[in-house]
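Notes follow the structure.
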Amino acid sequence: LMVLGSQLTDLTATEVALKLRAKEVSPLDVLDAAIERIEEVNPKVNALPILCLDQARERAIKLSQTVASGDKCGPLFGLPIAVKDYNDLAGVRTTYGSPIFANHKVDRSDATVLKLEAAGAIPVGKSNVPEWAGAHTFNPVFGHTLNPWDARLSAGGSSGGSAVALATGMVWLATGNDLGGSLRVPASFNSVVGLRPSPGRIARGRRLPAFDTLWVEGPMGRCVADVALMLDGAVGSSPDDPLSFDHNGASFVSALEDTALPRRVAFSPDLGIVPMEPEVAEICGAAAQRFTEIGVEVCDAAPDFSGVIEGFQTLRGVLIAVLMETLLKDYREQIAPEIVWNIEKGLAATNAEILKAERVRWELYHRMASFFEHYDLLLCPTVSVPPFPMEQRYVETIAGQPTETYIDWIAITFAVTMTSCPALSLPAGFSSSGLPIGLQVIGRPRGEAELLRACHRMEEVLGLASKVPMTPRSSTAVDYVEDGVIPTILGNLDV
C-alpha cells in the first residue's frame, strides 16, 4: 500500500475517479492513501486541524458495498475531500475559527456538503480558516496554516486550509467559499485552482442570509478538470437556498471536451482601481498574452469599476452585521478586532451609503454585460501581492501605497465579486523568489462551462498543474532545510 498510496497521491482527482470507476482501486484504498499523506504532511502545515477519519472509513466501506450491489455511482464516488470549517459537517466540530464555537458540533451537514456527499465524496476533515472571515488563515483555536511553498508565509484565505491540503496532496478536492476572494486568494498563494461560481450555482446552507448573493460556495482542486468534476458533484437546487437552481445542461467535465474557445479576451493589470505590485502585474500580463497560443486575440481593456471598492465595503459590512450583530453583543471580547470593526461598519452604514452601494453594483453588472458583447473573458491578477509573512495580520502596503483597511489588499477579487460573474484563479507562474502567482479569469454570468473550457486549455499551455502535490518547505531557498525551522503548530484533533 505504501507504493500505491504515493502513486494515488500524485494523481489528479479526475485520474483517481477513473480508477475508482474501473474498480482498479477501492474507496478504502484511496482513503488509506489520503490518511497516509495526512499523517506525513499535516503536522508540518496545519491545514486540517479537525479530522474525522473513523467516520470517513465507515463511509468508504458503505460506498464499496453500494458499488458492489450495482448501484449507480455519483461523479465524486470514493474521493476523499476536505470540508472548510465554515461549512457544517454532520457529527464533526465546526468552529468557524472562533473560540466562541471551539467545541461546537453540528447534527446536520449544510446544503453544500449534502450535495457533495450525495455525489459520493468522503469528507476526511475540516480545513482551517481565519476567524469568521478574512484572507489570511489563522485563528485563536488552531493557529496558522502554513504556506507549503514557504512555511514562513501566509497561505491566503479564507479557504487557506483547503488550498494547502490540495497543494500538499492530502486530499484531491476541497470545499471553499468566497465573499471577497476567499477561494481565489488561497488558490493563487498555493498554485491550485479555485472557482467562484455564479450565485445560486451551488446551494448554500441555512447559516447564511437566504437572499445574499455576495457569498458563494465553490470547488477547489489541483487542476481545472478536477474543479469541473467537483462542480458536477456540487450543483443543484436545495430547499435551504431559495436562489439555488438545477443544472440542466451538459456536465462541466464534458464541456471541457468542446472545441469552442474564446475569440477575444481582455487583460487589465489592476482593473483601473487597485494598486498592484509590479512583478505580479508582469507575470499575469505574460500569462495573459499566452492566450494567443490557443488562437485568442488579447486586448488591453476593462469595464469601469468606479465606486466598487466603497460599495463592496458597505455591503460586506451589512452582511457581516446581519450574521454577527447578536454575537457582538454577547461575545465582543472573543471576536477578532478586524471582525468587530466590520460588524460595526455594517451597523453604522447609512441609508445613503447602502443605496449608493446597491446602485454601483447594479450599474456594474450591466457594464459587464455590455463588455462581454465584445470580449469573451476578462483577465487580471488574482491578488495584488505575492504571499506575505505569516506574522502580519494583513497587507499594510502595496507597491509603496498604504492600505486603509484589513481587506484592501484583496480589492481586485472583491471588485469582481460585485459583478456576480464566475471567476477562476489559474496558476500563472512564480515570482523571482519562487512564490506562486495566480491569474484571475472572469467569465459571463452563469458562463462556468465556457470559463472552465478556456482555462483548461490555458492550463495545458502554461504547464503548471504538475507542480502539485508538493512537499512543504520551510522557505523557497534552494537549501531550505538550513534556512529555517517550521514553526510549532497545534496537532490534529480527531473527533
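Considering (1) under 26 Å from Ala133 (Cβ atoms); (2) without any contact (Cβ under 8 Å) to a residue 60 or more places away in the chain, say which one Leu439 fails and leave the rest.
Only one criterion is unmet by Leu439, namely (2).
For residues in the stretch 429-458 being in a strand (DSSP E or B) and among the aliphatic types (A, V, I, L, M), which is farthest from Thr382 (Cα to Cα)? Write out each step before concluding.
Here is the first cut: in the stretch 429-458, the ones in a strand (DSSP E or B) are 429-430, 436-442.
Okay, now just the ones that are also among the aliphatic types (A, V, I, L, M), so 437, 439, 441-442.
Details: Ile437: 8, Leu439: 5, Val441: 8, Ile442: 10 Å.
Checking each candidate, the answer is Ile442.
Evaluate the stretch 120-139: report whether one residue or more is in a loop (DSSP other than H, G, I, E, B) and surrounded by fewer than 22 Cβ atoms within 10 Å (Cβ to Cβ). Break it down into steps so the answer makes sense when it comes.
We begin by selecting, within the stretch 120-139, every residue in a loop (DSSP other than H, G, I, E, B); these are 120-121, 128-137.
Okay, now just the ones that are also surrounded by fewer than 22 Cβ atoms within 10 Å (Cβ to Cβ), so none.
No, that holds for no residue.
For the stretch 110-139, give me the residue count where each residue is in contact with a helix residue (DSSP H, G or I) (Cβ under 7 Å, 6 or more places away or on another chain) and in contact (Cβ under 8 Å) with a residue 60 or more places away in the chain.
Residues of the stretch 110-139 in contact with a helix residue (DSSP H, G or I) (Cβ under 7 Å, 6 or more places away or on another chain): 112, 115-116, 119-124, 127-129, 131-135, 137.
Those still in the list that are in contact (Cβ under 8 Å) with a residue 60 or more places away in the chain too: 112, 115-116, 119-124, 127-128, 131-135.
Count: 16.
So which of Gly443, Gly438 is at pLDDT 95 or above and within 16 Å of the chain's Cα centre (by Cα)? Give the derivation first.
Numbers: Gly443 fails: within 16 Å of the chain's Cα centre (by Cα).
Of the residues listed, the single one that is at pLDDT 95 or above and within 16 Å of the chain's Cα centre (by Cα) is Gly438.
Working only within the stretch 10-31, note down all residues that are modelled with pLDDT of 95 or more, over 13 Å from Ile81 (Cβ atoms) and within 25 Å of the chain's Cα centre (by Cα).
Those that are modelled with pLDDT of 95 or more, over 13 Å from Ile81 (Cβ atoms) and within 25 Å of the chain's Cα centre (by Cα): Leu11, Thr12, Thr14, Glu15, Leu18.
For the subset of the stretch 65-87 comprising residues that are surrounded by fewer than 24 Cβ atoms within 10 Å (Cβ to Cβ) and in contact with a Gly (Cβ under 9 Å, 6 or more places away or on another chain), which member is farthest from Val16 (Cα to Cα)?
Step one: list which residues in the stretch 65-87 are surrounded by fewer than 24 Cβ atoms within 10 Å (Cβ to Cβ), which gives 65-75, 77.
Remaining after also requiring in contact with a Gly (Cβ under 9 Å, 6 or more places away or on another chain): 66-67, 73-75, 77.
Details: Thr66: 18, Val67: 16, Cys73: 14, Gly74: 14, Pro75: 11, Phe77: 10 Å.
Among residues in the stretch 65-87 that are surrounded by fewer than 24 Cβ atoms within 10 Å (Cβ to Cβ) and in contact with a Gly (Cβ under 9 Å, 6 or more places away or on another chain), the one farthest from Val16 (Cα to Cα) is Thr66.
Return the residue satisfying two criteria in turn: it lies in the stretch 440-461 and is of a type in the set (A, V, I, L, M) and in contact with a Pro (Cβ under 7 Å, 6 or more places away or on another chain), and of such residues it is farthest from His247 (Cα to Cα).
At the first step, the residues of the stretch 440-461 found to be of a type in the set (A, V, I, L, M) are 441-442, 449, 451-452, 454, 458, 461.
Next, only the ones that are in contact with a Pro (Cβ under 7 Å, 6 or more places away or on another chain) stay: 451, 454.
Values: Leu451: 16, Ala454: 20 Å.
For the stretch 440-461, the residue satisfying everything is Ala454.
I'd like the full set of residues that are in a strand (DSSP E or B) and open to solvent by 10 Å² or more (accessible area, probe 1.4 Å), limited to the stretch 392-428. Please lay out each step first, then the result.
The initial filter retains those residues of the stretch 392-428 that are in a strand (DSSP E or B), namely 397-398, 401-402, 423-428.
Passing the criteria: Thr397, Gln401, Pro402, Pro427, Ala428.
Given (1) in contact with a Ser or Thr (Cβ under 8 Å, 6 or more places away or on another chain); (2) over 21 Å from Pro422 (Cβ atoms), where does Leu146 come up short, assuming only one miss?
Among (1) in contact with a Ser or Thr (Cβ under 8 Å, 6 or more places away or on another chain); (2) over 21 Å from Pro422 (Cβ atoms), Leu146 violates only (1).
Enumerate the strands (runs of 3 or more DSSP E) found wholly within the stretch 169-247, keeping only those where 1 or more residues are of a type in the set (Lys, Arg).
Values: elements: 173-178, 193-196, 216-221.
Here the list reads 193-196.
For the stretch 268-300, which positions are open to solvent by 20 Å² or more (accessible area, probe 1.4 Å), closer than 20 Å to Phe371 by Cα and in contact (Cβ under 8 Å) with a residue 24 or more places away in the chain?
Of everything in the stretch 268-300, those that are open to solvent by 20 Å² or more (accessible area, probe 1.4 Å), closer than 20 Å to Phe371 by Cα and in contact (Cβ under 8 Å) with a residue 24 or more places away in the chain turn out to be Pro269, Asp270, Gly272, Ile273, Glu297, Val298, Cys299, Asp300.
Inside the stretch 140-158, can you point out the residues that are part of a loop (DSSP other than H, G, I, E, B) and surrounded by 24 or more Cβ atoms within 10 Å (Cβ to Cβ)?
Phe142, Thr145, Asn147, Pro148, Trp149, Asp150, Ala151, Ala155, Gly156, Gly157, Ser158
Look at Ser162 and say whether it is open to solvent by less than 10 Å² (accessible area, probe 1.4 Å), assigned to a loop (DSSP other than H, G, I, E, B), hydroxyl-bearing (Ser, Thr, Tyr) and closer than 25 Å to Asp240 by Cβ.
Values: open to solvent by less than 10 Å² (accessible area, probe 1.4 Å): yes; assigned to a loop (DSSP other than H, G, I, E, B): no; hydroxyl-bearing (Ser, Thr, Tyr): yes; closer than 25 Å to Asp240 by Cβ: yes.
For Ser162, the condition - open to solvent by less than 10 Å² (accessible area, probe 1.4 Å), assigned to a loop (DSSP other than H, G, I, E, B), hydroxyl-bearing (Ser, Thr, Tyr) and closer than 25 Å to Asp240 by Cβ - is not met.
Only one residue in Val113, Val83, Val67 is of a type outside the set (S, T, N, Q) and more than 30 Å from Ile335 (Cβ to Cβ). Which one?
Values: Val113 fails: more than 30 Å from Ile335 (Cβ to Cβ); Val83 fails: more than 30 Å from Ile335 (Cβ to Cβ).
On inspection, the qualifying residue turns out to be Val67.
Might you check whether a residue that is over 28 Å from Trp132 (Cβ atoms) and surrounded by fewer than 24 Cβ atoms within 10 Å (Cβ to Cβ) occurs anywhere in the stretch 230-244? Spell out how you get there, then give the answer.
Going residue by residue through the stretch 230-244, those that are over 28 Å from Trp132 (Cβ atoms) are 232.
Those still in the list that are surrounded by fewer than 24 Cβ atoms within 10 Å (Cβ to Cβ) too: 232.
Checked the stretch 230-244: at least one residue is over 28 Å from Trp132 (Cβ atoms) and surrounded by fewer than 24 Cβ atoms within 10 Å (Cβ to Cβ).
Thr259 is checked against (1) assigned to a helix (DSSP H, G or I); (2) at pLDDT below 95 and fails just one. What number does that condition carry?
(1)
Looking only at the stretch 361-391, how many residues end up being assigned to a loop (DSSP other than H, G, I, E, B) and under 24 Å from Gly194 (Cα atoms)?
Keep residues of the stretch 361-391 that are assigned to a loop (DSSP other than H, G, I, E, B), which gives 372-376, 382-388, 390-391.
Within this subset, residues satisfying the condition of being under 24 Å from Gly194 (Cα atoms) are 372, 375-376, 382-388, 390.
The total comes to 11.
Please tell me if Ala357 is over 24 Å from the mean Cα position of the chain (by Cα) and either open to solvent by 30 Å² or more (accessible area, probe 1.4 Å) or among the acidic types (Asp, Glu) (or both).
Details: over 24 Å from the mean Cα position of the chain (by Cα): yes; either open to solvent by 30 Å² or more (accessible area, probe 1.4 Å) or among the acidic types (Asp, Glu) (or both): no.
In short, no.
Would the stretch 366-382 turn up any residue that is surrounded by 15 or more Cβ atoms within 10 Å (Cβ to Cβ) and without any contact (Cβ under 8 Å) to a residue 40 or more places away in the chain?
No - not one qualifying residue is present in the stretch 366-382.
The values are calculated or read from the model by the stated rules, or taken from the named source; none is laboratory data. Everything numeric here is computed off the predicted structure, so don't read it as measured data. Counting neighbours? That spans all protein chains shown, and the Cβs are built from the backbone with ideal geometry, glycine included. These area figures cover heavy atoms from the full protein model, side chains too; ligands, DNA and RNA do not enter into them. Shrake-Rupley method; radii C 1.70, N 1.55, O 1.52, S 1.80 Å.
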